[in-house]
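The values are calculated or read from the model by the stated rules, or taken from the named source; none is laboratory data. Computed from a prediction, not measured in an experiment: that's the story for all the values here. Here the Cβ is made from the backbone with ideal geometry for all residues, glycine too, and neighbour counts use every protein chain on show. Heads up: the accessible areas ignore ligands, DNA and RNA and are worked out on the full protein's heavy atoms, side chains in. Shrake-Rupley method; radii C 1.70, N 1.55, O 1.52, S 1.80 Å.
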Amino acid sequence: VKQARWHLARAMPAEEELTKAISALDQALARDSTLALAYSNRGDARLVRAQIRLAAGGDAEADFAAAEQDLGRAVEVGAPDIRAWQLLGDVRLQWANFRLQRGLDPQDLVARAITAYDRALEFYPNSPFARYGRGQARGTDAYQRFRARQDPSEPAQGARADFDALIPGPLAAQSLVF
């Protein structure tokens with residue numbers, strides 16, 4: 001418990017710094033609402049703040065929603081690389097898992113996360129981060145289908161293919177076991 005309190009005490013200044021960064025990005029976007037990188041960075045900061053709040057036992061629903069909105073805007077105004085798409089997938093997947101852990105409906109967040117990772121992989125097909133994220137999202141989809149007594153084999157096979165692509169060789173077959 002002492003160690004947990006120590007880590008939480010260290011996270012509080014980080015949350016304050018994230019809030020300051022978000023405020024600075026708000027000001028930049030007030031001057032120019034077409035700055036894709038500013039939207040992407042603000043979405044990233046909101047995702048990290050959501051993670052800090054979750055670690056402290058707080059609610060992160062509003063941060064996830066705001067992060068998704070920012071990253072959606074970043075790709076809409078033309079984010080120049082895969083980063084915004086990848087982060088958008090991360091936000092949607094983490095938000096879905098947050099909702100699932102609380103017994104809430106994840107809505108279509110998992111499917112939308114997979115779509116964002118697919119888009120990231122269109123930019124850079126060998127991105128291990130996007131492939132890993134998509135594998136996690138497909139695994140979550142398979143788990144949801146299993147829990148709903150539906151056939152989970154399609155997303156499970158997709159997850160396995162994503163993870164196998166990350167771990168070439170004889171260990172690939174052992175990378176994901178359902």
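Reducing segment 134-154 and segment 27-74 to their Cα centroids gives an inter-centroid distance of 28 Å.
Stretched out straight at 0.36 nm per residue, the stretch from Ala55 to Asn126 would grow longer than its current Cα-Cα span by 22.4 nm. If I compute solvent accessible area with a 1.4 Å probe over the protein chains, what percent of it on the chain is carbon and sulfur? Heavy-atom surface of the chain belonging to carbon and sulfur, 1.4 Å probe: 54 percent. Amide H to amide H, with H built 1.01 Å from N, Leu35 comes under 5 Å of no residue 5 or more places away or on another chain.
What label, among (1) 29, 21, 15; (2) 24, 19, 16; (3) 39, 17, 14, belongs to semi-axes √(5λ) of the Cα gyration tensor in Å computed from the structure on display? So the calculated entry is the one marked (1). For segment 61-117, the solvent-accessible area works out to 42 Å² per residue, with a probe of 1.4 Å and every protein chain left in place.
Along the axis of the charge dipole computed for the chain (Cβ charges of +1 for Lys and Arg, -1 for Asp and Glu, origin at the Cα centre), the listed residues Leu47, Phe98, Gln157 are led at the positive end by Phe98.
With a simple spin-label model that places each label point 7 Å from the Cα along the Cα-to-Cβ direction, the separation between Gln101 and Ala161 comes to 3.0 nm.
Note that segment 116-128 has calculated 3J(HN,Hα) couplings of 5, 5, 4, 5, 4, 6, 5, 6, 9, x, 9, 5, x Hz, one per residue in order, obtained from phi through the Karplus relation 6.51 cos²θ - 1.76 cosθ + 1.60 (θ = phi - 60°); glycine and proline are x.
Each Lys and Arg Cβ is given +1 and each Asp and Glu Cβ -1; about its Cα centre, segment 32-158 then shows a dipole of about 340 debye. Got a sec? Charge dipole of the chain, +1 on Cβ for Lys and Arg, -1 for Asp and Glu; which of Trp85, Tyr124, Leu109 is way out at the positive end? Of Trp85, Tyr124, Leu109, it is Leu109. Largest mean-square fluctuation among Gly158, Gly135, Gly43, in a Gaussian network model of the chain whose springs join Cα atoms under 10 Å apart, belongs to Gly158.
Under the rule of -39500 (n - 2.57) per DSSP H run of 4 or more residues, summed and divided by the residues of the chain, what mean residue ellipticity at 222 nm is obtained, to the nearest 500 deg cm²/dmol?
So the helix-based figure for the chain works out to -25500 deg cm²/dmol.
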